[in-house]
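Working notes for the structure below.
Derivation of every value follows stated rules applied to the coordinates shown; laboratory data play no part. No experiment lies behind these values; they were computed from the predicted model shown. Counting neighbours? That spans all protein chains shown, and the Cβs are built from the backbone with ideal geometry, glycine included.
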Amino acid sequence: MKFITANFDQYDGKDIQAYIGLDGFSGLKKAIEMGPLATIEEVKESGLQGRGGAEYPTGRKIEQARIEKAERKFVICNADEGEPGTFKDRELIKKDIYQLIEGMIIVAYCANANEGVIYCREEYDWMHEHICTSILKCKEMGYLGDNILDTGFSFEISLFSGAGSYVCGEGFAMCESMEGKSGRPRSKPPYVKQEGYLNYPTLVINVETLSAITAIMKFGTSNFTDLGTPDCPGTKVISISGKVNKPGVYEVPFGKTLEEIIALAEGVKGDKRIGFVQIGGASGGILPESALKTQFTYRELKSKQVSVGSGAIVVADEDDNILDYLENVGQFFIHESCGKCVPCREGNRQLEILLGKFKHKTATIDDVKMYKDILDMMSEASLCGSGRTEPVPFKTAFTYFEDAFALGGSHEIL
Ligand SMILES: Cc1cc2nc3c(=O)[nH]c(=O)nc-3n(C[C@H](O)[C@H](O)[C@H](O)COP(=O)(O)O)c2cc1C
Ligand code: SF4
């Protein structure tokens, strides 16, 4: 299935003339022909939802950005991709960066923004030259800079490298880091779209979302909505990793079952059974093998307490221990918590202690109660999406693998 990844391996990802030869910038030209308002309607019609994890409707987001009036307005492409197990944005940048830049120009044109930034994670520094060269080529060809394609619209893009922090993928933390401060989220409201980078209206949008906008404008909304399911149209670019034979990036139409998607990665190594899968990144839900007939759609996954998130699927085999896995996830969050709010900063440390008790079978009924209370407190009282979603793997593991949470000295299960 190739819609967003249609250009993969069709050109070297660097040659702008080859990109143009593949009908590149026809999406932008169509947007200009239609005008900003009709283009926004087109994106709304496509049903596209943000691919960075928050799943916010993209058309509505651009519309809201357009309404903001200010001297300066920013479009920031979120290429932080700090979610473990997620590496699809890297491929979209590496293999088809012009599609991404074209998407940024379309969004900026619709939102009336003149300044763009690609916020790239530090670990992708090997792609910086590729990004900068591609921006310059677009400028040379008149797709960036002043008076783009004689429209009177001007737009520039620069590159900003993060310093290697997961939380900087959150909109406000990203703005803070670009302003030279520690990357920590701000309280809301006001929202990033109102007072983001340098306190100007800022539209933060994911690499895949931008790439999808270009593809939708190029191939047409109906070709996108024909894919997927009626309530969850289109395709999703998914990164599959873990104990599979062929880890990688796969584009799939929504509606496939998890089992079918994992089969694309040629099944589990060593002919073992699947033990469990984590969906959507480190803060994603964990499902047992018995749930693999679940369809990959926003609604179906939600019914299992899981979300599409960043589109990562990490597969564990039958020998993997769920508590070891959770400990690993917890270590990531302890390391990455920015420390600004108590529920996330302290909650993660308390979870680590409780997981140790479950592992050593010394947990009491009070510990189970504490485990649940801490998770609820983190979901409800954390300042940003990191602390609010971190409990998901811990909660879903408790729901689907209750045997692992047996109490000390007995097999009593709550
Ligand atoms: C802790 C944290 C990390 C995040 N990391 C990313 C990221 O690496 N990439 C991304 O696109 N969105 C990330 N997000 C979501 C962004 O805040 C934002 O919702 C997204 O970039 C908006 O783009 P979209 O509407 O295209 O999804 C993160 C959110 C949180 C709370
Ligand atoms: S939830 Fe965690 S990452 Fe977010 S502000 Fe609080 S401490 Fe920082």
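For segment 66-141, taking Cα atoms only, Rg and Dmax work out to 13.3, 39 Å respectively.
Let's test the formula: R0 of 51 Å, r as the Cβ-Cβ distance of residue 402 and residue 198. What FRET efficiency results, to the nearest 0.05?
Working: r = 49 Å, r/R0 = 0.96.
Result of the calculation: an efficiency of 0.55.
Here the label points at residue 269 and residue 342, each 7 Å from Cα along the C-beta direction, are separated by 4.4 nm in the simple model. Beta bridges per DSSP, both residues in the chain: antiparallel share near 50 percent. Taking amide H atoms as placed 1.01 Å from N in the peptide plane, the amide H of residue 275 lies under 5 Å from those of 316, 317, 318, each 5 or more residues away in sequence or on another chain.
Please report the net charge: other residues with Cβ closer than 14 Å to the Cβ of residue 311, K and R +1, D and E -1.
Working: positive: 51, 88, 90, 236, 256; negative: 55, 81, 83, 89, 91, 208, 251.
With Lys, Arg at +1 and Asp, Glu at -1, the neighbours total -2.
For segment 126-153 versus segment 1-71, the inter-centroid distance based on Cα atoms is 16 Å.
Taking every alpha-carbon pair in the chain and binning the separations at 20 Å intervals from zero gives 27, 56, 16, 1 percent.
Here the 3J(HN,Hα) profile of segment 339-345, calculated from phi with Karplus coefficients 6.51, -1.76 and 1.60 at θ = phi - 60°, is x, 6, 10, 5, x, 7, 4 Hz, Gly and Pro shown as x. Rounded to the nearest Hz, the phi-derived 3J(HN,Hα) couplings of segment 323-334 under the Karplus curve 6.51 cos²θ - 1.76 cosθ + 1.60 (θ = phi - 60°) are 6, 4, 4, 5, 4, 5, 4, x, 4, 4, 6, 4, where x marks glycine and proline.
I'd like to know which of 211, 128, 221 lies farthest towards the positive end of the charge dipole of the chain, counting +1 on Cβ of Lys and Arg and -1 on Cβ of Asp and Glu. Going by the Cα projections, it comes out as 221. Secondary-structure-derived ellipticity at 222 nm for the chain, considering helices only, amounts to -13000 deg cm²/dmol, per-run term -39500 (n - 2.57) for DSSP H runs with n ≥ 4. Between residue 227 and residue 335, residue separation times 0.36 nm minus the direct Cα-Cα distance comes to 34.9 nm.
Can you grab the distance from the C-alpha centre of segment 381-411 to the C-alpha centre of segment 93-118, Å, no decimals? A separation of 39 Å, based on Cα centres. A straight chain from residue 14 to residue 366 at 0.36 nm per residue would run longer than the Cα-Cα distance by 120.9 nm. Residues whose amide H falls under 5 Å from that of residue 118, counting only those 5 or more places apart or on a different chain, are 77, 158, 159, 160, with hydrogens built in the peptide plane.
For the residues 46, 379, what sequence is obtained by ranking on other C-beta atoms within 10 Å, fewest first? Could you put the intermediate results ahead of the total?
Numbers: 46 24, 379 17.
The fewest-first ordering by Cβ neighbours comes to 379, 46.
Couplings for segment 49-60, taken from phi via the Karplus curve 6.51 cos²θ - 1.76 cosθ + 1.60 with θ = phi - 60°, read 10, x, 9, x, x, 7, 6, 6, x, 5, x, 4 Hz in order; Gly and Pro are left as x.
Put simply, the amide H of residue 296, placed in the peptide plane, has neighbours under 5 Å in 255, 256, 257, 258, leaving out anything fewer than 5 places away on its chain.
Which length gain, in nm to one decimal place, applies between residue 128 and residue 304 when the Cα-Cα distance is subtracted from 0.36 nm times their residue separation?
On the way: separation 176, 0.36 × 176 = 63.36 nm, distance 3.90 nm.
Computed gain between residue 128 and residue 304 is 59.5 nm.
Per-residue Cβ neighbour counts within 10 Å put 229, 399 in the sequence 399, 229, beginning with the fewest. Net charge dipole, segment 228-317: roughly 140 debye, given to the nearest 20, about the Cα centre with Cβ charges of +1 for Lys and Arg and -1 for Asp and Glu.
Here the chain is scanned for GluC sites (Glu not before Pro) in DSSP loops (not H, G, I, E, B) that have at most 16 other Cβ atoms within 10 Å, and the longest stretch holding none of them is 72-178. How would you classify segment 16-225 from its alpha-carbon gyration tensor, with a ≥ b ≥ c the square roots of the eigenvalues: rounded for a/c under 1.5, else prolate if a/b is greater than b/c, otherwise oblate? Rounded shape, in that the Cα axes give a/c under 1.5. Arranged from fewest to most other beta-carbon atoms within 10 Å of their beta carbon, 371, 191 become 191, 371.
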